[in-house]
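The values are calculated or read from the model by the stated rules, or taken from the named source; none is laboratory data. The structure presented is a predicted model; accordingly, all values stated were derived computationally and were not measured. Here the Cβ positions follow ideal geometry from the backbone for every residue, glycine too, while neighbour counts run over all protein chains shown. Keep in mind that these areas ignore ligands, DNA and RNA; they rest on the heavy atoms of the full protein, side chains included. Shrake-Rupley method; radii C 1.70, N 1.55, O 1.52, S 1.80 Å.
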Amino acid sequence: MTTVLLTGDDCARIAEWPGLMRAMREVHLEHARGDAVQPVPRSIRNPADTDAAPAQIIPMTGYRAATGSYVLKALADAPHNRERGIPAQRSTVALFSAETGECRALIDGAVLTRTRTAAVTAAATVALAPAGASIVTIVGAGALALEHARALVSALPLSEIRFWSRTPAGSDAAVATLAGEPEFARIALNATTDLRAALNGAEIVCTLTPARDPLISAHMLGENVHVNAVGSPPRPLFRELTPDVFGRAALTVVDALPIALAESGNIRDAVAAGTLAADEPLELGHVLVESFARPRGLTVFNSVGIGLQDLAAAEYFLERSEVHEDGLQVQLRPVRTPVS
């Protein structure tokens, strides 16, 4: 069996939102039915490193019965890389056959992670946003923010997208990038450094920052709004929302509850503050069913990313690469003839 190698450029060429969103929906529905296994990751770090946010490796895994596949994503998380001007996270995704153990694909994790994250957010937003919602505020202006704008535009009839960043250069650059893409021709794109103004009247809010101190509190949000809290790395030290946001929420949704309780600063802080019960959040697969009815008021999807999302994305990109004859096929080890 050959192994397909896919670079970030390969993934960018063959990605399309409807199929990727469908893949994310399916794997979360399988997880809700008990047809997929999602362990809680345990990080590996230098025990002598006493930094508050040390570099670490996080092995993210998952198993999917429907396709007979395992995934192992090695996520290297080094927060201080931001001070060095290089990415804080790097990852490689390996997809395996559960039956034979053969490695079906090795995929660079940068584009895969950005696009699968945005596709999950878009799927959650379709289920949780107020009916007719068309004004989006994106808190953050980096590559993940751009992918979220693209995914949301593919899924919803939006009229306006507002980008907030701490500096004008960040939000201005995001607007300039998307203004040149045909999908945004009929959408008002605005940039601001005034967070309260950006949130005023927004019906969908996406937070996509590595903030350690929360940016948004409950009084900054409208009465009937959906919030996607997605930017925080999988460490309790990072959070984007204050605990009172969860106290006011009519519904809180997470990727997988045990992982959210272990890794999400937003969720852990809210539980510690008593504004959210540890067993209160629903897992995403339970709100993606057709019978789900969104409650009126504030809803929150808090995401830290899980291995099953990487598994479904790896299968998606592998299938697309076969259709488009993209990627490089290699023989990682010699083929042995069975002994008769």
Crossing angle, helix 168-179 versus the chain [Cα axis fit, 0-90 degrees, rounded to tens]: 70 degrees
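Using only the C-alpha atoms of the chain, find the volume of their convex hull and express it per residue in Å³. Present the calculation step by step, with values, prior to reporting the outcome.
Details: hull volume 51.7 nm³, N = 340.
Spread over its residues, the Cα hull of the chain gives 152 Å³ apiece.
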For the chain, find the longest principal axis of its Cα atoms and tell me its angle to the long axis of helix 17-33, 0 to 90°, nearest 10. 80 degrees
Just report the Cα centroid separation between the stretch 240-255 and the stretch 172-220, whole Å. 19 Å
Sequence of 268, 25, 333, 320 when ordered by accessible area, the most exposed leading, probe 1.4 angstrom: 333, 268, 25, 320
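Excluding residue 76 itself, what net charge comes from residues whose Cβ is under 12 Å from its Cβ, given Lys and Arg +1 and Asp and Glu -1? If you can, show how the numbers build up before the last one.
Working: positive: 45, 73, 90; negative: 77.
Residues near residue 76 contribute +2 overall.
Order of 219-226, 140-147 by packing, highest average Cβ count within 10 Å first?
Working: 219-226: 17.5, 140-147: 22.2.
The peptides rank, most packed first, as 140-147, 219-226.
To the nearest 20 debye, what charge dipole does the chain have about its Cα centre, counting +1 at the Cβ of each Lys and Arg and -1 at the Cβ of each Asp and Glu?
Roughly 360 debye, rounded to the nearest 20.
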Scoring the stretch 228-293 by relative contact order with C-alpha pairs under 8 Å, at least six apart, yields a percentage of 35 percent
Output ordering of 235-241, 47-53, 73-79 (per-residue mean of other Cβ within 10 Å, highest first) is 235-241, 73-79, 47-53
At 1.002 mPa s and 20 °C, Stokes D of the stretch 116-156 from Kirkwood alpha-carbon radius, µm² per second: 206 µm²/s
Residues whose placed amide H lies under 5 Å from that of residue 298, excluding near-sequence neighbours: 225, 250
All-pairs alpha carbon distance profile, the stretch 179-265, 5 Å steps from 0, percent: 3, 12, 21, 24, 17, 11, 8, 4, 0
Counting only Cα atoms, I'd like the Rg/Rh figure for the stretch 128-201, Kirkwood definition for Rh. 0.93
Mean residue ellipticity (222 nm) of the chain, computed from DSSP H runs ≥ 4 via -39,500 (n - 2.57), nearest 500: -10500 deg cm²/dmol
Taking only Cα atoms of the stretch 129-281, what ratio of Rg to Rh do you get with Rh as the Kirkwood inverse-distance radius? 0.97
Treating only Lys and Arg (+1) and Asp and Glu (-1) as charged, each at its beta carbon, one finds that the stretch 104-261 has a dipole about its Cα centre, in Debye to the nearest 20, of 300 debye
So what does the Cα-only Debye profile of the stretch 73-129 read at q = 0.18 Å⁻¹, as log10 I(q)/I(0), no solvent term? -0.79
Per-selection metrics, the stretch 21-117 (Cα): Rg and Dmax in Å: 15.4, 44
Using the 2.2 N^0.38 Å rule of thumb for compact globular proteins, work out how the stretch 91-174 stacks up: its C-alpha Rg over that value, please. 1.39
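Rounded, prolate or oblate for the stretch 205-340? Axes are the square roots of the Cα gyration tensor eigenvalues, ordered a ≥ b ≥ c, and the cut-off for rounded is a/c under 1.5. It would help to have the intermediate numbers written out before the result.
Numbers: a/c = 2.55, a/b = 2.23, b/c = 1.14.
Prolate, since a/c reaches 1.5 and a/b exceeds b/c.
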Cut-off under 5 Å, modelled amide H: who pairs with residue 69 long-range: 64, 98
